[in-house]
Amino acid sequence: MPQSPTARLSGTDREEIFEGPNPLGLVGVEFIEYTTSKPQSLGNVLETMGFRPIARHRSREVLLYRQGELNIIVNAHGNGGVVTEKPQIAAIALRVQDAAAAYKRALDRGAWAVPVRVEVMELNIPAIHGVGTSRIYFVDRHGDFSIYDVDFIPIPTVDQHPPTITGLHLFGVVQYIGNERTEDWTEFYGSLFGFSALEDTTRFGILPKGRILQSPCNTFYLQLIEPEPGILDVEDDECLQRIGLGTPDVPATVAALRKLGMDFVPPKDVHQAERGALTRTALNGAMFELVHQVRE
């Protein structure tokens, strides 16, 4: 982080950071990684969301799930920390134009490097510390020759490019933060990556809380949510809480996913049902949010 959201950048650093609207060359999200000691159970949940397992890691207990352009990695091996049954979003991999340059520029701006232990036949994907124990990776191999061509072995007879359910795509990620930490995290994502805060009146979906940050590449959002007023400090519980998936037709997507076995929290009214939907929590932690969004 620029050290961490509690640390402040010098005036000189701030002038250097805001030298452009997209200082690290972000172009989207390559994958989102979960850790859990019960990968098959989480995999079953992902399949009810339309994802399909397409590849296994060469040397670790890691599976790659895909739906359209969405890649989710389920990691039972862990990244050096304790792996629990409860699924946790452990990392976000950002697509960038040049991974080495983005990584260096992030470190120059005060981000904390994550030492990466690379096994034989594995790529060295640079990473920095994110919220809690999470990581933020930088990936520039996202074309014809991707990181999965090196680190993963395709599952035989499985379609490597399963289609999306009713146009599902990544909308963003919800991050739970500590009390009075909104400005700190807004500065972190803004100064390091170029995220910008939307007006408070701009809201999406059915859970219009917190502050919404837009990526500099205009391809996804981050939603920062503090505890409800009166709740004791929960700074130690800061984490990436859930994924938001965009869809041009929320009711149609809900109907399609229900056929696959996913259960949703009942909407309050028809208007809410058209704006978004929330899946019931599975495995004491896995939850997904649908948000109405028509891609241009």
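Brief remarks follow.
- Condition met for GLU61 (modelled with pLDDT of 90 or more, surrounded by fewer than 21 Cβ atoms within 10 Å (Cβ to Cβ) and on the phi < 0 side of the Ramachandran plot): yes
- Residue within the range 217-227 that is of a type in the set (Asp, Glu), in contact (Cβ under 8 Å) with a residue 24 or more places away in the chain and out of contact with any Pro (no Cβ under 6 Å at 6 or more places or on another chain) present: yes
- Restricting GLY285, GLY276, GLY246, GLY210 to those that are buried (at least 20 other Cβ atoms within 10 Å of the Cβ), of a type in the set (Gly, Ala, Ser), within 18 Å of the chain's Cα centre (by Cα) and under 26 Å from LEU94 (Cβ atoms) reduces the list to GLY246.
- Residues that are free of Cβ contacts under 8 Å to residues at least 40 places away in the same chain and either under 24 Å from ILE243 (Cα atoms) or surrounded by 20 or more Cβ atoms within 10 Å (Cβ to Cβ) (or both), drawn from the range 92-111: TYR103
- In the range 60-89, residue nearest to the chain's Cα centre (by Cα) [restricted to those that are closer than 20 Å to PHE171 by Cβ and among the aliphatic types (A, V, I, L, M)]: ILE89
- Just one of the numbered conditions (1) closer than 29 Å to ALA273 by Cβ; (2) in the same structural domain as PHE288 (by TED's automatic domain parsing); (3) touching a Phe, Trp or Tyr at 6+ places or on another chain (Cβ under 9 Å) is not true of PRO162: (2).
Residue-wise test of (1) within 24 Å of LEU245 (Cβ to Cβ); (2) in contact (Cβ under 8 Å) with a residue 24 or more places away in the chain.
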position	(1), (2)
PRO115	no, no
ARG135	yes, yes
GLY172	yes, yes
ASN179	no, yes
THR186	yes, yes
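- The lone criterion from (1) under 30 Å from VAL250 (Cβ atoms); (2) in the same structural domain as ALA286 (by TED's automatic domain parsing) left unmet by GLU180 is number (1).
The values are calculated or read from the model by the stated rules, or taken from the named source; none is laboratory data. Just so we're clear, the structure is a prediction, and the values are computed from it rather than from any experiment. Neighbour counts are summed over all protein chains in view; Cβ atoms, including those assigned to glycine, are modelled from backbone coordinates with ideal geometry.
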